[in-house]
Each structure stands twice: as structure tokens, then as C-alpha cells.
1. Just checking, how many residues over the stretch 141-180 are of a type in the set (G, A, S) and either surrounded by 20 or more Cβ atoms within 10 Å (Cβ to Cβ) or part of a loop (DSSP other than H, G, I, E, B) (or both)?
2. If we scan the stretch 28-45, do we find a residue that is loosely packed, with under 14 Cβ neighbours inside 10 Å and touching a residue at least 12 places away in the same chain (Cβ under 8 Å)?
3. Looking only at the stretch 83-90, decide whether some residue is of a type in the set (D, E) and over 21 Å from H176 (Cα atoms).
4. Cβ contacts < 6 Å: first residue more than 18 Å from R144 (Cα to Cα), restricted to the stretch 56-72; second residue among the β-branched types (V, I, T) and outside any loop (DSSP other than H, G, I, E, B), any location; separation 6+ or different chain. Result?
Amino acid sequence: MAPVLEVKDLSVRFAGVAALEHVSFTIEKEAIIAVIGPNGSGKTTLLKAILGLVPCQGQVRLYSRPVRQMLPQLGYVPQHFAFDSTFPLTVEEFIALTCRTPERLPVHGILAEVGMNAFKGKLIGELSGGQLQRVLLAHALLHRPRILFLDEATSGIDIEGQGDFYATIQRLNREHGVTVMMVSHEISMVYRFTDRIICLNRDLISHGETRSTLTAEVLKKLYGENAGFTVHGHEAVLPRSEAARAGSGRGHG
């Protein structure tokens, strides 16, 4: 069986400055994969390079095919979604606007998948941050992608909302076999809900199964000596400056 994702010697440079250097890894089967690292470590750049959204060197293959051949089977939720919050567009109308095939699932069905069917008549501009992220997730799932890419999709959502969102992602993976690659700052959520982890700081620090790879030593390599992690309690403590930037959602990946 072909690997889900193969990344070989991937490098990205902006104005001569390295954003990613010689990153290689393989995802062998459907899983939830977290990409973690300090701000500026290349997390968002990695997702964009895989999707072909930024120039890069190296090779990326999805199910042994070039990415451009797989685009209809990919879903993507970006870190920031800019829109006119005063525009009178309901959730249901927003989702329906992007339906492109007659075989699509009914809008209410895809909204129910992410727990937003009760809000289908609500205006997009009136949604909370967590509700909007669920609508964007529904949008990304509309055409049943095989792989879903999420760039800090829980930024700005409270702890309870984060847990609900991660649980939804886990259910989609388990019930529908959707591979999910997500950039995240929520280390404790990553430990609880993901299968594999990719640790970046412009180059690849570590990757593998989450429970065996996400150790205190790896976190210190990523975030410095002030990072703490308690395995049994699933609690992570980032350095104060890093945690503040993560919480603000202003990091550039």
C-alpha cells in the first residue's frame, strides 16, 4: 500500500533566508498528524509547501502521486480567514456556494458532521471564533477529501472548545479514514488526540508516534530549557513569551 504522504529533502527559502531546510518524513497510513514547533519554525510553511502554495525544493508525493494530481482530494483550513462580517450570508448559504458536484452531501449533513447543523440559518458574521472554525472545517470536508490540512484551526478558541474540536477531528479520522495534518500550539491536546507528530525548528527535530516522540527532551530542543511537560497529566508548559505568542494566534509558523 502506497504511503499517504512522502516528503523528501524539502527546503523553502524566502528572500534567501531558509524557512525550511532538508525536511524528510513519511506518513504510512491514515492518521492524525500534528506539526509543532516555536513561532517562525516553518510549520505553516511546511503545509503550504506540501500544498504547492509556496515555491520549494525537494519532492512531495501524496499516495505516490504529484500533489497537483491530488488537489480535488485535499481539504485545507488556513490560519486566517478574512471576510466581510457585515455581509448577510448564512452558514448554509456559505457552504452551498462552494458545492461543485451534484453528488455532494446535503449541506445539513456536512454541518451535522461538525456539530453546526443547528446554526445553519445564522449569519456568518455573528458566529463565535469556535463556531466559525467548525464552519470552515465543514467547508473543507464538503467534497470528502482523503487528506485534511489544518493550520492552527483552534487558535482563539477556549480550552473546552479546543477539546471538542480535537474530538471532532479524531472522530472524522476514525469513522471516515480522513488523514489529518494539523499545525498546533496546544501540546497537551496534541498528546491526547494525535497519532503522529512532526517537530520542526526550520529543520526536522524529531518525528514519529506522538506518545513516544513527544518527550520533555524534544520539547526543550524546540522551546528551550523553560519548557515543561508532564506525561501522565498530559500537561505542557511553554516558555512565557512563546505561550503568549501562541495564545495570541499571531505566530507565523
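1. Step one: of the stretch 141-180, the residues of a type in the set (G, A, S) are 153, 155-156, 161, 163, 167, 177.
Still in the running and either surrounded by 20 or more Cβ atoms within 10 Å (Cβ to Cβ) or part of a loop (DSSP other than H, G, I, E, B) (or both): 153, 155-156, 177.
Residues in the stretch 141-180 being of a type in the set (G, A, S) and either surrounded by 20 or more Cβ atoms within 10 Å (Cβ to Cβ) or part of a loop (DSSP other than H, G, I, E, B) (or both): 4 in total.
2. Looking for residues that are loosely packed, with under 14 Cβ neighbours inside 10 Å and touching a residue at least 12 places away in the same chain (Cβ under 8 Å), one finds at least one in the stretch 28-45, hence yes.
3. yes
4. C56/V12; V60/V7; V60/I50; V60/V67
Residue-by-condition table, conditions (1) at pLDDT 80 or above; (2) surrounded by fewer than 16 Cβ atoms within 10 Å (Cβ to Cβ); (3) of a type in the set (K, R):
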{"residue": "Q59", "(1), (2), (3)": "yes, yes, no"}
{"residue": "L74", "(1), (2), (3)": "yes, no, no"}
{"residue": "E103", "(1), (2), (3)": "no, yes, no"}
{"residue": "H108", "(1), (2), (3)": "no, yes, no"}
{"residue": "F119", "(1), (2), (3)": "yes, no, no"}
{"residue": "L123", "(1), (2), (3)": "yes, no, no"}
{"residue": "E126", "(1), (2), (3)": "yes, yes, no"}
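The values are calculated or read from the model by the stated rules, or taken from the named source; none is laboratory data. Here the structure is a predicted model, which means the values were calculated and not measured. Reconstructed Cβ throughout: ideal geometry from the backbone, glycine too, with neighbour counts over all protein chains shown.
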